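**Q** One structure coming up, written as structure tokens, with questions to follow.
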Amino acid sequence: MPKQLAENKRNKSAVIAESVLGSVEALKREGTEPTFNAILAYLRSRSVLSNHRSLRAYLDAMISSGMLTLEKEPAKQPNVRPKQLYSLKNDGPFVEAGERAMLFHGLNWTIPSRSSIKLKTDFDGLARARIAHGVAYASLEDAIVETLAKSKNKPRLFLTLTFCAALLATKKFDRDYLLKRATLSNVRDTVEKLLEEIGYVLYSPKPEVDDIRTLFEIRKQLANSRLTSTSFNERQFLLSPDEVVDVIGKQLGVK
């Protein structure tokens, strides 16, 4: 895997991201041009960041999310790279949420109209964002929470829940962070019930579902899932166990 791609797949540090932004401000105040090398030297002197590839990843994330702008000044000497000057944009950070972000995170669905949600986030959200082709995509957790929060009517909520179920059942995610964000957006109850419903499908000893063949294949493929269920009683949720089986089966390609 290329080094840059591997770097982009890991969460960044919110503390370091804030320090990188602060370095641009500090250099400006002291009358130093905030070039890439000047920023790196500033951070190295404070034992914050020393790897130039890592710094590049942070700066690219801030540019993609609208926090910084980059201006390249041609060098006066031949065969010398243009000077890279960074400036505060006093905006953002913004990340791409909605169905576009869900597709980016691996939603295996054909969606005629992909909703785009421009989400203003914080340093935690920026640190977990993924950058691709100059776009800062919200983390899986933030994409799910924000899309649920924007789903106001029942048909739209049902559709969003199917997408969320497909991803939460088959992708790795940070449960604590998911619930923290869900609490802030007032959708924690919905998220907890959805996780409970997925856990029921995966682990109930006697699940009330019709498509046993698909259920068996789902459990086989997701045998190492960390999702659990605290109750196997009668279900009361917008998505029924049969619908959850159908959704996960389609995501896994077994239906």
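Laboratory data are not the source of any read-out in this text; all were calculated from the coordinates shown. The model shown is predicted, which means the values in this text are computed figures rather than measured ones. Reconstructed Cβ throughout: ideal geometry from the backbone, glycine too, with neighbour counts over all protein chains shown.
**Q** Cross-link candidates for Lys193: which lysines have Cα within less than 27 Å, leaving aside residues fewer than 8 places away along the same chain?
**A** Lys118, Lys120, Lys150, Lys152, Lys154, Lys171, Lys172, Lys180, Lys206, Lys220, Lys250, Lys255
**Q** List the longest stretch of the chain that has no exposed loop site; here a site is one of the GluC sites (Glu not before Pro) assigned by DSSP to anything other than H, G, I, E or B, with at most 16 other Cβ within 10 Å.
**A** That would be 31-207.
**Q** Quote the relative contact order of the chain in percent (integer), defining contacts as alpha-carbon pairs under 8 Å separated by 6+ residues.
**A** Across the chain, relative contact order equals 15 percent.
**Q** Length gain on complete extension for the stretch Leu184 to Arg114, per 0.36 nm per residue less the alpha carbon to alpha carbon distance?
**A** The span from Leu184 to Arg114 would gain 22.7 nm if fully extended.
**Q** Another question, then. Stretch Asn224-Ala26 to full length: gain in nm at 0.36 nm per residue minus the Cα-Cα span?
**A** The Asn224-Ala26 span can extend by a further 66.5 nm.
**Q** Please state the equivalent ellipsoid semi-axes for the range 139-252: what are the square roots of 5 times the Cα gyration tensor eigenvalues, largest first, in whole Å?
**A** Whole-Å semi-axes of the equivalent ellipsoid: 22, 15, 13.
**Q** What aspartates and glutamates sit close enough to Lys89 to cross-link, taking a C-alpha to C-alpha distance under 14 Å and skipping anything fewer than 8 places away on the same chain?
**A** Of all the aspartates and glutamates, those that pass the test against Lys89 - Cα under 14 Å, at least 8 places apart if same chain - are Glu25, Asp60, Glu71.
**Q** If you don't mind, there's one more thing I want to ask. I'd like the trypsin sites (Lys or Arg not before Pro) in the range 19-85 restricted to DSSP loop residues with at most 14 other Cβ atoms within 10 Å, sorted by number.
**A** Listed in order of number, the matching sites are Arg46, Lys76.
**Q** Let me ask something additional. Which order results if Asp189, Asp142 are arranged by neighbouring Cβ count within 10 Å, fewest first?
**A** With the sparsest Cβ surroundings first, the list reads Asp189, Asp142.
**Q** What base-10 log of the normalised intensity I(q)/I(0) is obtained for the chain from the Debye formula, alpha carbons as equal point scatterers, at q = 0.07, 0.11, 0.15 Å⁻¹?
**A** -0.32, -0.67, -1.02
**Q** Kindly state, as a whole number, the per residue volume in cubic angstrom of the convex hull around the alpha carbon atoms of the range 50-109.
**A** Roughly 135 Å³ of hull volume per residue.
**Q** Sticking with this structure for a sec: Give me the distance in nm between label points sitting 7 Å out from Cα along the Cα-to-Cβ direction at Leu238 and Thr69, one decimal.
**A** Inter-label distance under the simple model: 4.1 nm.
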